[in-house]
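Working notes, structure below.
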Amino acid sequence: MPDVHSIRLREPWQREPLEEGAGVRFRRRFGYPTGLEPHERVFLVLEPVYRLAKLVLNGNPVAGLTDRNAALEWDVTDRLEERNEIAADIEFGPSSPVGFESRDVGDILGKVRLEIRFGA
């Protein structure tokens with residue numbers, strides 16, 4: 001099993017409503033991981049996520065709609081730049097808990113981290 005170094009992407013997240021109150025967009029900027037070696041891969045990991053409608057990294061789509069409470073990960077090594085921005089659109093629907101739209105990013109988006117994986 002490869003070794004893993006995790007970088008948590010905690011606050012500050014910017015928050016903005018999606019059109020017609022259908023959800024929320026979370027945005028966060030972060031830098032390129034320092035000391036990354038050519039044999040290392042960087043994964044973007046979200047777990048769990050409420051209901052992801054769209055995930056965008058540096059203006060390019062990473063993923064589309066997924067169901068709630070799924071743990072998700074993507075190899076984003078080749079998409080990273082010196083400065084990066086992740087944007088996650090979360091949809092709300094009739095089954096969303098009352099007041100859910102006003103909750104903290106961690107309650108809606110879940111734990112977000114970069115995982116640097118290296119080794120065999």
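A few comments on the model shown:
- Projecting label points 7 angstrom from Cα along Cα→Cβ for R29 and E81 puts them 1.1 nm apart.
- Here the extension length gained between R8 and E115 equals 37.7 nm, from 0.36 nm per residue of separation less the Cα-Cα distance.
- For F118, F43, the ranking by accessible surface with the largest value first comes to F118, F43, using a 1.4 Å probe.
- Rounded percent of accessible protein surface that carbon and sulfur make up, the range 1-44, 1.4 Å probe: 49
The values are calculated or read from the model by the stated rules, or taken from the named source; none is laboratory data. Everything quoted here is computed from the prediction, not taken from an experiment. Positions of Cβ are generated from backbone atoms using ideal geometry, with glycine treated the same way; all protein chains shown enter the neighbour counts. Accessible surface is based on the protein model in full, side chains and every heavy atom, while ligands, DNA and RNA are left aside. Shrake-Rupley method; radii C 1.70, N 1.55, O 1.52, S 1.80 Å.
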